[in-house]
Amino acid sequence: MSVQIQSYHASSFPSDFNTENYCVVLMKDSGVFSVDQINYAYEGCTVLFLTPYQKLKLASETDEKIEILFFHGDYYCIEYHKEEVACNGLLFNNIYLNPAIALTQESYEYILGIFTRIQREFSENHLFSESIIKTYIQLILAICSKQKSGIPDEHHSSGRPSHKNAAEFQKLLELHFKSEKELSFYSGLLHITNSTLSKTVKKEFDKTPSQLINERTTLEAKKLLHLTYRSVKEIASELGFHDEFYFSRYFKKSVGCSPKMYREKVGISVVAKMSM
């Protein structure tokens with residue numbers, strides 16, 4: 001299915017949750033979720049955003065109901081609609097931000113109501129249902145983008161770190177991640193020890209520099225596989241891997257599937273097709 005809504009209870013949530021779809025996850029109460037083995041605590045009403053093949057695990061203190069909206073990139077392309085909703089790089093595809101947002105009870109109920117409307121449109125399958133469902137998805141993403149970009153006094157809303165060394169590391173990583181994947185390269189440019197850089201970055205982003213280097217490389221690989229027609233060999237070379245097969249092993253270890261399978265399941269975006 002291109003669009004689907006599923007309900008789970010925390011006690012029966014899949015331990016190996018992984019999908020080729022984008023996901024909008026509605027949760028309540030409190031607990032801890034992990035995305036790609038990074039833990040985040042949540043409390044109250046929460047909405048979480050996942051990109052294809054991100055691994056989600058959940059440890060909840062209650063057995064609350066979890067509602068998930070799945071949509072495939074071929075059905076609704078966040079890159080194609082980026083001007084309207086500004087969610088790509090804010091809600092999705094940003095390794096420096098918490099992938100979740102705390103919601104008010106009112107906002108939670110409103111988004112849950114949109115989920116119900118999407119489900120109704122999908123089941124009724126009217127002539128204009130596809131356009132209506134896409135509009136509902138866009139509305140959810142626009143509402144959440146507006147809220148996340150407006151979070152006051154929180155550097156994570158803009159992605160700007162408060163610590164100078166963390167900010168410099170982020171800038172350097174964006175410049176050099178394709179060619180430099182060793183921690184010592186970045187600590188050397190900053191004239192600090194590996195240990196100092198690790199502690200600073202961990203405190204700022206709740207991730208180690210090595211995790212961020214790996215995530216940034218993997219994110220770029222996913223983008224190139226989804227948004228271009230470049231071969232796996234070409235993508236490997238662009239990302240600094242001289243051996244295509246080593247790149248494939250690296251990608252599979254991070255994502256859980258090979259680059260070839262990722263492209264087959266996630267598809268090649270309409271954006272790539274338009275640029276041909």
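Test residue 215 against the stated conditions and say whether it is in contact with a strand residue (DSSP E or B) (Cβ under 9 Å, 6 or more places away or on another chain) and outside the structural domain of residue 77 (by TED's automatic domain parsing). It is true that residue 215 is in contact with a strand residue (DSSP E or B) (Cβ under 9 Å, 6 or more places away or on another chain) and outside the structural domain of residue 77 (by TED's automatic domain parsing). The helices (runs of 4 or more DSSP H) located wholly in the stretch 188-272 that include 2 or more residues which are under 19 Å from the mean Cα position of the chain (by Cα) and over 30 Å from residue 2 (Cα atoms) occupy 194-205, 209-227.
Take residue 71 and decide whether it is in contact (Cβ under 8 Å) with a residue 60 or more places away in the chain and within 24 Å of residue 220 (Cα to Cα). Outline the logic, then answer.
Working: in contact (Cβ under 8 Å) with a residue 60 or more places away in the chain: yes; within 24 Å of residue 220 (Cα to Cα): yes.
Judged against the criteria, residue 71 is a match.
Within the stretch 68-93, the set of residues being over 27 Å from residue 174 (Cα atoms) and over 15 Å from the mean Cα position of the chain (by Cα) comprises 74, 75, 76. Residue 234 is checked against (1) surrounded by fewer than 17 Cβ atoms within 10 Å (Cβ to Cβ); (2) in contact with a Ser or Thr (Cβ under 9 Å, 6 or more places away or on another chain); (3) of a type in the set (D, E, K, R); (4) in contact (Cβ under 8 Å) with a residue 40 or more places away in the chain and fails just one. What number does that condition carry? The one condition residue 234 does not meet is (4).
Checked against (1) farther than 20 Å from residue 99 by Cα; (2) touching a Leu at 6+ places or on another chain (Cβ under 8 Å), residue 216 passes all but condition (1).
When the residues of the stretch 94-111 are filtered to those that are part of a loop (DSSP other than H, G, I, E, B) and under 14 Å from residue 148 (Cα atoms), which remaining residue is farthest from the chain's Cα centre (by Cα)? That would be 104. Looking at the stretch 7-44, which of its residues are part of a strand (DSSP E or B) and more than 19 Å from the chain's Cα centre (by Cα)? Result: 7, 8, 9, 30, 31, 43. Taking the stretch 120-152 as the range and being hydroxyl-bearing (Ser, Thr, Tyr), in contact with a helix residue (DSSP H, G or I) (Cβ under 7 Å, 6 or more places away or on another chain) and loosely packed, with under 15 Cβ neighbours inside 10 Å as the test, only 149 passes. For the stretch 23-42, a residue qualifies if it is closer than 21 Å to residue 71 by Cα and of a type in the set (D, E, K, R), and exactly one does: 36. The set of residues in the stretch 251-275 that are of a type in the set (Gly, Ala, Ser) and surrounded by 16 or more Cβ atoms within 10 Å (Cβ to Cβ) comprises 254, 267, 269, 272. The numbered conditions (1) part of a loop (DSSP other than H, G, I, E, B); (2) at pLDDT below 95 are all true for residue 181 except (2).
The values are calculated or read from the model by the stated rules, or taken from the named source; none is laboratory data. In this text, all values refer to a predicted model and were calculated from it rather than measured experimentally. Note that we place each Cβ from the backbone using ideal geometry, even for glycine, and neighbour counts take in every protein chain shown.
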